[in-house]
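Report on one structure; see the data block that follows.
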Amino acid sequence: MIDRAQASNIGLVLLLVLTVAGAGVVVAIGSSAYDDVQRQTSVDRAEHAMTLLDARTAIVGLGESGTQTVDLGRTTDGDYATDADSGWLRITHTNYTAGRTETIYNASLGSVTYRTGDTTVAYQGGGVWRREAGGTAMVSPPEFHYRGTTLTLPVVRVRSTDAASGATTALVRRDGDLSRVYPVEAGADVDGVGAPYDVEDPDGSIRQYDNPVRNGTVSVTVHSEYYRGWAEYFRTRTTGTVSVDDANRTATVVLETTGQVGAFTLPEKDEGVAVRGIGDDHSVTEFRASIEKGRGTFNNLWASFYVEEGDKAYEAVVEVPNGIGNNYCDGGTPGSETLTMDVYYHDAGTAEGVHRWTNDSIPSDSGAVQLACDGGDTVIEVDFTSTSQTFTYGGSNVGDDTAIDWDARNASATRSADPTTFDHADDGEPTTYDGGDVQNARILTRHYVAEFGSDFDLRVSHGPGNRGTSQIATSASGGVLRYDTPAGESFITYLHVTENNVTVELN
């Protein structure tokens, strides 16, 4: 048996053991909690330091100062480092012409990082990112500015490799002059292999890196450890289509171009002028065309622009009467003849029939629709947005050879198109028209184009019959199309890209 004295001693020993063990647990837990607090404090301090580095590097990179010094503070269990090769940024213009894709820019970004445990705070691409087990978050935004339909992208690149720990200071220096990537002046050689894009347009000119950006899409892809932070930034600060590739650690934002804005060369028969990113309602501000006689006869010629999208169709067609097309500019009597022009529209999704607008007494020698002379060749000139050229609702006078078979379309209508209502919010609409009412070309063009979506092809046609391909000199013909683009949509009209190199020395 254990006597009472022994039991007391044993109890005392057990109490001491439990006390020491408990104290050890408390110390261990307290030490771990202290380490966590210290690490969090260190990370928070690094975030503030990197944000300051971001601001100072922008001053240097964008040319406002040659050097800047940043006190990054003292590290405890983490290290600072720079890496010239980490991450890259690529800008491509896809399908800018005939299915061709141009890589406008492709270069490494570099980075400045602070790493402790499984947490990294990094400066890259003009932004600050925090990456840990739970994912990546943006601390401050990168140098990527998308406003309306303009993308401004000064690419800030870190071009040095260095490392430091303890009390660390960063010396930021500009590395060379700012380099303009897009746009560049005509004739500039940005890649060492000749003129940018190096594509000859139909008029013989060489396409350069210039604005507005036309046709296809522009995409920006970033490869980075912090790609998910880049993707989230693209989603919240742009209206483009954003995707991520986890296998390759890339984030991509795609912006649609606004298509053909400005002057264009007349496409071949039944080919089209790309309309991309046109705004809602009455967005067309200018639409003119000049169609020049080529080989063959110009007698009884008709020429049109038309759209067919889903259930909807539109066509505006001008007809030159027989007998004046061949010798109008060579012995003819300008001013003694008249032209005919019709405007058609139909929506098969409604019970309403084809809208028909006509004018068969347009003087050939003056006005918004007329014949002109280029040397000895006859030219049809049409201003589709003129307020002086009018049409009467309810009839048509152009012959049957239009691009679209309007009689066939009208066969499905359950009632006539008289009356009809224009129901947009622009140009005084809503307005109802009865047979015999008159409206000008500008209102008709702006209204009917607004019936289609933001993207479609405005095609050309001419005749009579297949001979139309030999009657029009397409390379000498063309026009101007201008329209407003919507704010807040995923479109790009103007692109401004510069490369801004810096070095970061850690001391």
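The values are calculated or read from the model by the stated rules, or taken from the named source; none is laboratory data. Note that this is a predicted model, so its numbers are computed, not measured. Cβ: placed from backbone, ideal geometry, glycine included. Neighbour counts: every protein chain shown.
Only one residue in Thr236, Thr285, Thr217, Thr250 is of a type in the set (Ser, Thr, Tyr), more than 23 Å from Tyr448 (Cα to Cα), touching a Ser or Thr at 6+ places or on another chain (Cβ under 8 Å) and surrounded by fewer than 21 Cβ atoms within 10 Å (Cβ to Cβ), so which one is that? Walk me through it before giving the result.
On the way: Thr236 fails: touching a Ser or Thr at 6+ places or on another chain (Cβ under 8 Å); Thr285 fails: more than 23 Å from Tyr448 (Cα to Cα); Thr217 fails: surrounded by fewer than 21 Cβ atoms within 10 Å (Cβ to Cβ).
That would be Thr250, the only listed residue that is of a type in the set (Ser, Thr, Tyr), more than 23 Å from Tyr448 (Cα to Cα), touching a Ser or Thr at 6+ places or on another chain (Cβ under 8 Å) and surrounded by fewer than 21 Cβ atoms within 10 Å (Cβ to Cβ).
I want to confirm something. Restricting to the stretch 431-446 and keeping residues that are in a helix (DSSP H, G or I) and among the charged types (D, E, K, R), which single residue is farthest from Val273 (Cα to Cα)? Spell out how you get there, then give the answer.
Taking the stretch 431-446 and keeping what is in a helix (DSSP H, G or I), we get 441-446.
Next, from what is left, pick out any that are among the charged types (D, E, K, R): 442, 446.
Values: Arg442: 19, Arg446: 17 Å.
The qualifying residue farthest from Val273 (Cα to Cα) is Arg442.
Being at pLDDT below 85 and not aliphatic (A, V, I, L, M) is a property that Phe452 lacks.
When Thr258, Thr221 are checked against the criterion of being among the hydroxyl-bearing types (Ser, Thr, Tyr) and at pLDDT 75 or above, Thr221 stands alone in meeting it.
Looking at the stretch 219-239, which of its residues are in a helix (DSSP H, G or I) and either farther than 15 Å from Arg131 by Cα or in contact (Cβ under 8 Å) with a residue 24 or more places away in the chain (or both)?
Filtering the stretch 219-239 down to residues in a helix (DSSP H, G or I) leaves 227-237.
The answer is Tyr227, Arg228, Gly229, Trp230, Glu232, Tyr233, Phe234, Arg235, Thr236, Arg237.
Filtered by the rule that a residue be under 28 Å from Asp407 (Cβ atoms) and either part of a loop (DSSP other than H, G, I, E, B) or within 34 Å of the chain's Cα centre (by Cα) (or both), the stretch 356-379 gives Ser364, Ala368. Starting from residues that are over 16 Å from Ile472 (Cβ atoms), part of a loop (DSSP other than H, G, I, E, B) and touching a residue at least 12 places away in the same chain (Cβ under 8 Å), keep the ones in the stretch 395-408 and report whichever is nearest to the chain's Cα centre (by Cα). Here the residue is Ile404. Arg442 fulfils the conditions (1) of a type in the set (Lys, Arg); (2) at pLDDT 95 or above; (3) over 30 Å from the mean Cα position of the chain (by Cα) except for a single criterion, (3). Restricting the stretch 93-122 to residues that are hydrophobic (A, V, I, L, M, F, W, C) and in contact with a helix residue (DSSP H, G or I) (Cβ under 7 Å, 6 or more places away or on another chain) leaves a set whose member that is surrounded by the fewest Cβ atoms within 10 Å (Cβ to Cβ) is Val121.
Within the stretch 74-93, track down each residue that is polar (S, T, N, Q) and either more than 20 Å from Thr498 (Cα to Cα) or out of contact with any strand residue (DSSP E or B) (no Cβ under 8 Å at 6 or more places or on another chain) (or both).
Step one: filter the stretch 74-93 for residues polar (S, T, N, Q), giving 75-76, 82, 86, 92.
Scanning the stretch 74-93 gives Thr75, Thr76, Thr82.
Here Thr392 meets each of (1) without any contact (Cβ under 8 Å) to a residue 60 or more places away in the chain; (2) in a helix (DSSP H, G or I); (3) in contact with a strand residue (DSSP E or B) (Cβ under 9 Å, 6 or more places away or on another chain) with one exception, condition (2). Sort out which residues of the stretch 103-157 are free of Cβ contacts under 8 Å to residues at least 24 places away in the same chain and under 18 Å from the mean Cα position of the chain (by Cα), and write them in order of number. Thr103, His145, Arg147 - these are the residues of the stretch 103-157 that are free of Cβ contacts under 8 Å to residues at least 24 places away in the same chain and under 18 Å from the mean Cα position of the chain (by Cα).
Out of the residues in the stretch 320-353 meeting the condition of being assigned to a loop (DSSP other than H, G, I, E, B) and surrounded by 21 or more Cβ atoms within 10 Å (Cβ to Cβ), tell me which one is modelled with the lowest pLDDT.
Just the residues of the stretch 320-353 that are assigned to a loop (DSSP other than H, G, I, E, B), to begin with: 320-337, 348-353.
Next cut, surrounded by 21 or more Cβ atoms within 10 Å (Cβ to Cβ) only: 320, 324-325, 328.
Details: Val320: 86, Ile324: 70, Gly325: 57, Tyr328: 72.
By that ranking, first place goes to Gly325.
Only one residue in Val317, Val307 is modelled with pLDDT of 95 or more, assigned by TED's automatic domain parsing to the domain that holds Asp377 and in contact with a Ser or Thr (Cβ under 8 Å, 6 or more places away or on another chain), so which one is that? Explain how you work it out, then say what you get.
Values: Val307 fails: in contact with a Ser or Thr (Cβ under 8 Å, 6 or more places away or on another chain).
Only one candidate qualifies: Val317.
Any chance you could count how many residues in the stretch 447-464 are more than 23 Å from the chain's Cα centre (by Cα) and part of a helix (DSSP H, G or I)? Can you show your working first?
Initially, the stretch 447-464 is screened for residues more than 23 Å from the chain's Cα centre (by Cα), giving 447-448, 460-464.
Next cut, part of a helix (DSSP H, G or I) only: 447-448.
Result for the stretch 447-464: 2.
Each residue in the stretch 40-92 was checked for being farther than 16 Å from Ser165 by Cα, crowded, with 20+ Cβ neighbours inside 10 Å and in contact with a Phe, Trp or Tyr (Cβ under 9 Å, 6 or more places away or on another chain), and 6 pass.
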